[in-house]
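Heads up, the thing below is written out as structure tokens.
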Amino acid sequence: MVTTNDDMPHPVPPSAYLRYKENWLFLIFDKENDIFGAIHVGSEPIFERISFACNLSIQGKLFKHGRQIPFPDDFAFSSEVGDGYLTVRFIKAHEQIDLSLQNDDLVLEVSFFKRGPLFNFDDYDSANPDKVLLKEVMGIATNQQHVHQQQGMQVRGKLSLNTNGAATRDFDIDALGYRDHSRSIRSDNLVLRHIWTGLHFPKHIFGVMTVTSSLRPNLPTLCGYVFDERQGLRALGDIEFEGKGEGPDNQPANVEFRLTDIYGETFSLSADLQNRFASVPLQSEKPGPTPFVYGIVENFAPLKLHDTGEEGIGLVEIGKRVPKDQI
């Protein structure tokens, strides 16, 4: 049909803002030293840039590093990525990744070691063919590459704080951590909301997430996994989230999880965001031309696994789309 607006400029479809990205996220949960951190590396080759960010809460004080550099020519299969201050070195696949940061405020030298096996979210999709696929929501069914992996880790190393160029306090780090690695077509500015988690208990590791896209607002995805020594690594099946109460920074006071693995075993978990240990902000990508930005809060929180009585520690990352004029 020919219409009166046929010759005029047309609205830009939201899918036009999709971009290919490869991301790494590293988390530090050092309760003993009161050090909690989120380190993010995000590449956007279509914009010829790669961004590095490190947000550390050190005994209640926020330390931030952020830098953007041109997309490197030797990016593919490089053994390290860095911006001259923050460097990530890939030492042994699925076993060890080293991370260092040196600036005027601090020197951080840590290694992330395997605590549990690597989980690929494609394995959730293959175990749950009746569920909404993560790549259908995040990749917008573009039939492009979509890989998302995460792993529970141990973190060991040192952190030194600086004043006027001189070390003033040293910390030995021996704590729990987490890592996440993804590559796909996506644009976080077009996501409505999400929850992403890395949850550690003495005998269990969980990773659970949900994503709702503005392009498919009535079709959220839920996915996740559990690992323990008894049953090993396996996908979850049915997943339920619920935020309750009003906590700090417009976060819920508590987040409750009701999970069932593919073998029918059930788990009841809760994260106490009201009494979180720390929080740091995260900007997952540079804001695009849409009238929104995507705001993320990293909540480092105490956990409870009600079925076994285990107490744990983990991250509940909550993100939502926010109009630019509200920032």
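So, in region 290-305, how many residues would count as being in contact (Cβ under 8 Å) with a residue 60 or more places away in the chain and within 12 Å of Asp188 (Cα to Cα)?
Here the count works out to 4.
Would you mind finding the one in Asp272, Asp261, Asp228 that is of a type in the set (Asp, Glu) and in contact with a Pro (Cβ under 8 Å, 6 or more places away or on another chain)? Show your work before the answer.
On the way: Asp261 fails: in contact with a Pro (Cβ under 8 Å, 6 or more places away or on another chain); Asp228 fails: in contact with a Pro (Cβ under 8 Å, 6 or more places away or on another chain).
Of the residues listed, the single one that is of a type in the set (Asp, Glu) and in contact with a Pro (Cβ under 8 Å, 6 or more places away or on another chain) is Asp272.
Starting from region 8-27, keep only residues that are under 17 Å from Tyr294 (Cβ atoms), then list their pairs with residues that are surrounded by fewer than 10 Cβ atoms within 10 Å (Cβ to Cβ) whose Cβ atoms are within a distance under 9 Å, requiring at least 6 positions of separation or different chains.
Filtered contacts from region 8-27: Tyr17/Pro289.
Only one of (1) in a loop (DSSP other than H, G, I, E, B); (2) at pLDDT 95 or above; (3) in contact with a Ser or Thr (Cβ under 9 Å, 6 or more places away or on another chain); (4) not basic (Lys, Arg) fails for Gly116. Which number is that?
(3)
Return the pairs, sorted by first residue and then second, in which the second residue is surrounded by 10 or more Cβ atoms within 10 Å (Cβ to Cβ) and in a loop (DSSP other than H, G, I, E, B), the first residue lies in region 79-95 and is in contact (Cβ under 8 Å) with a residue 24 or more places away in the chain, the beta carbons are less than 7 Å apart, and the residues are 6+ apart or on different chains.
Tyr85/Asn103; His94/Leu118
Could you identify the single residue in Phe292, Phe257, Phe300, Phe277 that is surrounded by fewer than 19 Cβ atoms within 10 Å (Cβ to Cβ) and of a type in the set (Phe, Trp, Tyr)? Give the steps one after another, and end with the answer.
Values: Phe292 fails: surrounded by fewer than 19 Cβ atoms within 10 Å (Cβ to Cβ); Phe257 fails: surrounded by fewer than 19 Cβ atoms within 10 Å (Cβ to Cβ); Phe300 fails: surrounded by fewer than 19 Cβ atoms within 10 Å (Cβ to Cβ).
Just a single option satisfies the conditions, and that option is Phe277.
Just one of Phe112, Phe119, Phe75, Phe71 is closer than 17 Å to His181 by Cβ, within 22 Å of the chain's Cα centre (by Cα), surrounded by fewer than 16 Cβ atoms within 10 Å (Cβ to Cβ) and not charged (D, E, K, R); which is it?
Values: Phe112 fails: surrounded by fewer than 16 Cβ atoms within 10 Å (Cβ to Cβ); Phe119 fails: surrounded by fewer than 16 Cβ atoms within 10 Å (Cβ to Cβ); Phe71 fails: closer than 17 Å to His181 by Cβ.
Result of the check over Phe112, Phe119, Phe75, Phe71: Phe75.
Which ones in region 128-159 are modelled with pLDDT of 95 or more and surrounded by fewer than 20 Cβ atoms within 10 Å (Cβ to Cβ)?
If the condition is that a residue be modelled with pLDDT of 95 or more and surrounded by fewer than 20 Cβ atoms within 10 Å (Cβ to Cβ), then Gln149, Gln154, Arg156, Gly157, Lys158 are the ones that fit.
Determine, yes or no, whether Phe63 is touching a strand residue (DSSP E or B) at 6+ places or on another chain (Cβ under 9 Å), modelled with pLDDT of 95 or more and within 22 Å of Ser182 (Cα to Cα). I'd like the intermediate steps shown before the answer.
On the way: touching a strand residue (DSSP E or B) at 6+ places or on another chain (Cβ under 9 Å): yes; modelled with pLDDT of 95 or more: yes; within 22 Å of Ser182 (Cα to Cα): no.
No: the conditions fail for Phe63.
Which residue is surrounded by the most Cβ atoms within 10 Å (Cβ to Cβ), if the candidates are limited to region 260-271 and must be touching a residue at least 60 places away in the same chain (Cβ under 8 Å) and within 12 Å of Leu305 (Cα to Cα)?
Looking at residues that are touching a residue at least 60 places away in the same chain (Cβ under 8 Å) and within 12 Å of Leu305 (Cα to Cα), I get Ala271.
Residue under question is Gly60, and the condition is that it be exposed (fewer than 15 other Cβ atoms within 10 Å of the Cβ) and either touching a Pro at 6+ places or on another chain (Cβ under 6 Å) or of a type in the set (Gly, Ala, Ser) (or both); does it hold?
Yes.
Can you work out which of the residues in region 234-254 that are aliphatic (A, V, I, L, M) and in contact with a helix residue (DSSP H, G or I) (Cβ under 9 Å, 6 or more places away or on another chain) is surrounded by the most Cβ atoms within 10 Å (Cβ to Cβ)?
Leu236
Under 7 Å by Cβ, and 6 or more places apart or on different chains, what pairs join a residue from region 122-133 that is farther than 15 Å from Ser182 by Cβ with one that is outside any loop (DSSP other than H, G, I, E, B) and hydroxyl-bearing (Ser, Thr, Tyr)?
Val132/Thr221
Under the condition of being within 12 Å of the chain's Cα centre (by Cα) and not aromatic (Phe, Trp, Tyr), which residue from region 178-187 is farthest from Phe90 (Cα to Cα)?
Initial filter on region 178-187 (within 12 Å of the chain's Cα centre (by Cα)): 178-182.
When the remaining residues are screened for being not aromatic (Phe, Trp, Tyr), the result is 179-182.
Numbers: Arg179: 12, Asp180: 13, His181: 12, Ser182: 15 Å.
Among those residues, the one meeting the criterion is Ser182.
Please give the strands (runs of 3 or more DSSP E) falling wholly within region 172-254 in which 1 or more residues are in contact with a His (Cβ under 7 Å, 6 or more places away or on another chain) and over 15 Å from Glu136 (Cβ atoms).
Numbers: elements: 191-200, 205-213, 216-228, 232-244.
In region 172-254, 216-228 are the strands (runs of 3 or more DSSP E) which contain 1 or more residues that are in contact with a His (Cβ under 7 Å, 6 or more places away or on another chain) and over 15 Å from Glu136 (Cβ atoms).
Taking strands (runs of 3 or more DSSP E) that fall entirely within region 1-83, which contain at least 3 residues that are among the hydrophobic types (A, V, I, L, M, F, W, C) and more than 22 Å from Ser100 (Cβ to Cβ)?
none
The values are calculated or read from the model by the stated rules, or taken from the named source; none is laboratory data. Bear in mind the structure is a predicted one, so any value in this text is a computation, not a measurement. Note that we place each Cβ from the backbone using ideal geometry, even for glycine, and neighbour counts take in every protein chain shown.
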